[in-house]
Amino acid sequence: MQERHRNREQYFKEQSITTEKYVIPFIESVFPLQSSVNILEVGCGEGGNMLPFLRRGLRTVGVDLNKNKIANARKFYAQQTLPATPEFYHIDIYDWQTDEKYDLIMLRDVLEHIHHQERFMQFVKKFLKPNGKIFLGFPPWQNPYGGHQQMFDSFIARLPYIHLLPKFLYRGLLSLAKEDKSEINMAMEVKQTGITIERFLRIVKKEQYRIDRMQLYLINPNYEVKFGLKPRKQAAIISHIPWIRNFITTTVYVVLSQNEE
């Protein structure tokens, strides 16, 4: 499993397939993607999520902190012939000096990596047009692999819920398994930044967003291209049980808009 993440071109392709097949239809159920729509993806990585939008000729901009991922994105897109040209910026979003606003902001598998999510969700509004939308896809922290431990090399990759151990036990087990120090540090950071459905909803309310559509998944749509597993929506009764739902929901899709003053 971890090899998929290290093969960045394969990961790029997997992201584009899931976005084309599942993310875009989810967005378009509440927000038709007309030709004039412009899109910003925060935490774009290699830009796989951007590819289906660019194939439609939509102006799409990607921003990421990771210099190597932006370099990969430019390399991968140099091999593509598209009706629109992607724009990439290697920069911290908080330092980005632009007055441009976007119709759609994409945050797919990003929110769980961001420190101070409340601050971020307030800040990102500055890039959103008044009638714009934000798409988020994120794994609730307590789900079986909410610590992204599937990226490890050892037996750790196959252990669900292990990321819920106390910090000292989790770090000790990762060290015992001889995992790379940089990977261990990444795992411990995700342990700090992981987000629950309940905290996400509190942030949404505090920052005065409106939920246009929200769907919990028992089986993440991305698991289809990765593991051949058919996506499955979470049972309605489970979706409405606070806290319990976090443990058996592998991802949440949501489209937000700003409440009108």
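No lab work stands behind these numbers, since they all come straight from the coordinates. Everything quoted here is computed from the prediction, not taken from an experiment. All Cβ positions, glycine included, derive from the backbone under ideal geometry; neighbour counts span all protein chains shown.
Within the stretch 135-161, residues that are assigned to a helix (DSSP H, G or I) have Cβ atoms under 7 Å from residues that are among the β-branched types (Val, Ile, Thr) in these pairs: 149/156; 149/162; 156/162, counting only partners at least 6 apart in sequence or on another chain. Looking across 20, 46, one residue alone is touching a helix residue (DSSP H, G or I) at 6+ places or on another chain (Cβ under 8 Å), under 24 Å from residue 222 (Cα atoms), of a type in the set (Asp, Glu) and not in a helix (DSSP H, G or I). It is 46. Tell me, which residue of the stretch 15-47 that is more than 12 Å from the chain's Cα centre (by Cα) and aliphatic (A, V, I, L, M) is nearest to residue 211 (Cα to Cα)? Among residues in the stretch 15-47 that are more than 12 Å from the chain's Cα centre (by Cα) and aliphatic (A, V, I, L, M), the one nearest to residue 211 (Cα to Cα) is 30.
On the stretch given as the stretch 171-184, residues that are under 24 Å from the mean Cα position of the chain (by Cα) and surrounded by 12 or more Cβ atoms within 10 Å (Cβ to Cβ) total 2. Residues that are surrounded by fewer than 20 Cβ atoms within 10 Å (Cβ to Cβ) and either under 16 Å from residue 16 (Cα atoms) or free of Cβ contacts under 8 Å to residues at least 24 places away in the same chain (or both) do occur in the stretch 104-115, at least one of them.
For beta carbons closer than 7 Å, sequence separation of 6+ or different chains, a first residue in the stretch 220-248 that is in contact (Cβ under 8 Å) with a residue 40 or more places away in the chain and a second that is surrounded by fewer than 14 Cβ atoms within 10 Å (Cβ to Cβ) and in a loop (DSSP other than H, G, I, E, B), the qualifying pairs are 224/230.
Filter the stretch 56-98 down to the residues that are part of a helix (DSSP H, G or I) and within 18 Å of residue 11 (Cβ to Cβ) and list them by number. Scanning the stretch 56-98 gives 67, 68, 69, 70, 71, 72, 73, 74, 75, 76, 77.
Residue 28 falls short on exactly one of the conditions (1) in contact with an Asp or Glu (Cβ under 9 Å, 6 or more places away or on another chain); (2) within 25 Å of residue 223 (Cα to Cα), and that condition is (1).
Scanning the stretch 191-248 for residues that are under 23 Å from residue 115 (Cα atoms), among the aliphatic types (A, V, I, L, M) and part of a helix (DSSP H, G or I) yields 197, 201, 203, 204.
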